[in-house]
1. Tell me whether the stretch 34-48 contains one or more residues that are surrounded by 17 or more Cβ atoms within 10 Å (Cβ to Cβ) and assigned to a loop (DSSP other than H, G, I, E, B).
2. Please list, ordered by first then second residue, the pairs with beta carbon atoms under 6 Å, 6 or more apart or interchain, first in the stretch 81-100 and more than 19 Å from SER36 (Cβ to Cβ) and open to solvent by 30 Å² or more (accessible area, probe 1.4 Å), second in a strand (DSSP E or B) and among the acidic types (Asp, Glu).
3. Among the numbered criteria (1) at pLDDT 95 or above; (2) open to solvent by 40 Å² or more (accessible area, probe 1.4 Å), which one does THR68 miss?
4. If you check ARG106 against the conditions, is it touching a residue at least 24 places away in the same chain (Cβ under 8 Å) and charged (D, E, K, R)?
5. Among what's in the stretch 101-129 and is among the hydrophobic types (A, V, I, L, M, F, W, C) and either open to solvent by 70 Å² or more (accessible area, probe 1.4 Å) or in a loop (DSSP other than H, G, I, E, B) (or both), pick the residue that is nearest to LEU85 (Cα to Cα).
6. Go through VAL5, VAL13, VAL30 for me and flag whichever is in a helix (DSSP H, G or I), farther than 30 Å from ASP121 by Cα and modelled with pLDDT under 75.
Amino acid sequence: MDRLVNGSRRTQVTGLIDKSAPPFGASDDVPAAAASSVKFVGKYADPKHPGCKREVSGSGDTLDVTGTDGAPGCLNGEPQRPWALTGVVRSEDEIFIDFSPKGGPRDLLGKWTGKGILFPDGNEWKKIE
């Protein structure tokens, strides 16, 4: 067995570790997409579906997007169909929402306008909460 001059092997190895560094995989810097997701979280009004629920929730870069659709709105007692989608925040002002469960595109780009989420067809969900 090798003799150690300055203590045990464990002491020698741990002496090489920078104890001020964050654990492996951890970082003081939150990824931009995850930090930006906060602006998307909330309740929205969709002018194409008046009175119908539109909500973005969660944290990190993957968010839950839930809502209801009426015929086409939800203000006059129309039957409502609930739905649940997934959104992925890709940059400070962009979210890709998978509308395929509703028969729409898989990665529809939504851009943050400062007041809501603007979609390529010109529809903008205005943030209300």
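1. yes
2. Cβ pairs passing all conditions: ARG81/ASP69.
3. (2)
4. Values: touching a residue at least 24 places away in the same chain (Cβ under 8 Å): no; charged (D, E, K, R): yes.
Judged against the criteria, ARG106 is not a match.
5. We begin by selecting, within the stretch 101-129, every residue among the hydrophobic types (A, V, I, L, M, F, W, C); these are 108-109, 112, 117-119, 125, 128.
Those left that are additionally either open to solvent by 70 Å² or more (accessible area, probe 1.4 Å) or in a loop (DSSP other than H, G, I, E, B) (or both): 119, 128.
Working: PHE119: 15, ILE128: 20 Å.
The qualifying residue nearest to LEU85 (Cα to Cα) is PHE119.
6. Values: VAL5 fails: in a helix (DSSP H, G or I); VAL30 fails: in a helix (DSSP H, G or I).
Among VAL5, VAL13, VAL30, only VAL13 is in a helix (DSSP H, G or I), farther than 30 Å from ASP121 by Cα and modelled with pLDDT under 75.
The values are calculated or read from the model by the stated rules, or taken from the named source; none is laboratory data. Predicted model, so just to flag it, every value in this text is computed and none were measured. Glycine also receives a Cβ, built like all others from the backbone with ideal geometry; neighbour counts cover every protein chain displayed. Heavy atoms of the whole protein, side chains included, go into the accessibility calculation; ligands, DNA and RNA do not. Shrake-Rupley method; radii C 1.70, N 1.55, O 1.52, S 1.80 Å.
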